[in-house]
Structures are given as structure tokens and as C-alpha cells.
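Participant: Mind having a look at this structure? Questions to follow.
The values are calculated or read from the model by the stated rules, or taken from the named source; none is laboratory data. Computed from a prediction, not measured in an experiment: that's the story for all the values here. Because the Cβ atoms are built from the backbone with ideal geometry, glycine has one as well, and the counts that use them run over all protein chains shown.
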Amino acid sequence: TITLDLLNGQTVDITTDNSSAFEDSSSDDTDADGSFTLDELTDMDYVEVEVSFDGGSYYAYSIEREDETVTEVEATVDSYTAGTSITVIGVTFNVDGTTTITGGTPTTGDEVKVIDNDSDGTADEIEVDS
């Protein structure tokens, strides 16, 4: 299990197993093999994680280490309150007048990408997969 710090005061635990794929597209891939192990992760590494939810836990089927420094979460909407907040994978982001929403109004069960460019806990963009 790894704990992802979303840099907005919230964390989420992700379970990995033998079926999890580990891709390294970062400048930290010093052996240039395009992959990494959990032992190679350090604090402040940025990762993109694709997860599934099963029985109260999140399971990673893909983890990619990147150089990007933006918090992005692609997941199913747990809840959405217009002008207030959106919750995905148990993590709540504020929504305000500066949040750009494309693809329609998010509803519970929609697939979305939430982007927090400065990791302040407020969604800068919400892309609804329509």
C-alpha cells in the first residue's frame, strides 16, 4: 500500500499487487529502463495512478512516475455540489467561480478529470467525460 499526498492536505491509500504496472517517464529514471519499483519512489515524486475501487479499497493497475507537478485525479464522481465542492476517490476539492467546467455539469457516477494546478485544494478545471 502506498499513500498519495495530493498536496492539498488530503491523502488517499492505494494498494498495489503483482498485476500493477509501473512506468517511469520522469527524469529520475536513471537506469533508463522505463520502469520503477516502489522502493525507488521518494517524497515529492509525482505519479499518475489509474485505480479501481473494490470492497472499500483502491487498487492500482497502473502507476506512472512523471515530472509534471500538477494534481490531476481521473475518477468517478462521489458527489458534486455546484459552486462548492466535488469529491472523487474520497478526496474533496473546492469548486468556486474560478473553476472551469467542461463537458457538462458533473453528477454522481460521471467519469471526470479534476485538475488542481497549484495544489491549493481548489479545482482549477473539471473535465466531464461525456
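Participant: What residue, among those in segment 1-55 that are touching a Lys or Arg at 6+ places or on another chain (Cβ under 9 Å) and charged (D, E, K, R), is nearest to T71 (Cα to Cα)?
Facilitator: Across segment 1-55, the extreme among qualifying residues is E48.
Participant: Considering only residues that are without any contact (Cβ under 8 Å) to a residue 60 or more places away in the chain and within 25 Å of L41 (Cα to Cα), which ones fall in segment 64-109?
Facilitator: E64, R65, E66, D67, E68, T69, V70, E72, E74, A75, V88, listed by residue number.
Participant: Looking at (1) part of a strand (DSSP E or B); (2) surrounded by fewer than 12 Cβ atoms within 10 Å (Cβ to Cβ), can you tell me which one A75 breaks?
Facilitator: Looking at each condition in turn, A75 falls short on (2).
Participant: Ok, one more. Quick test for you: out of D17, D43, D33, pick the one residue that is touching an Asp or Glu at 6+ places or on another chain (Cβ under 8 Å), charged (D, E, K, R) and in a loop (DSSP other than H, G, I, E, B).
Facilitator: Just a single option satisfies the conditions, and that option is D33.
Participant: Can I ask one more? Please work out which residue is nearest to N94 (Cα to Cα), limiting yourself to segment 5-15 and to residues that are modelled with pLDDT of 90 or more and surrounded by fewer than 17 Cβ atoms within 10 Å (Cβ to Cβ).
Facilitator: It comes out as D13.
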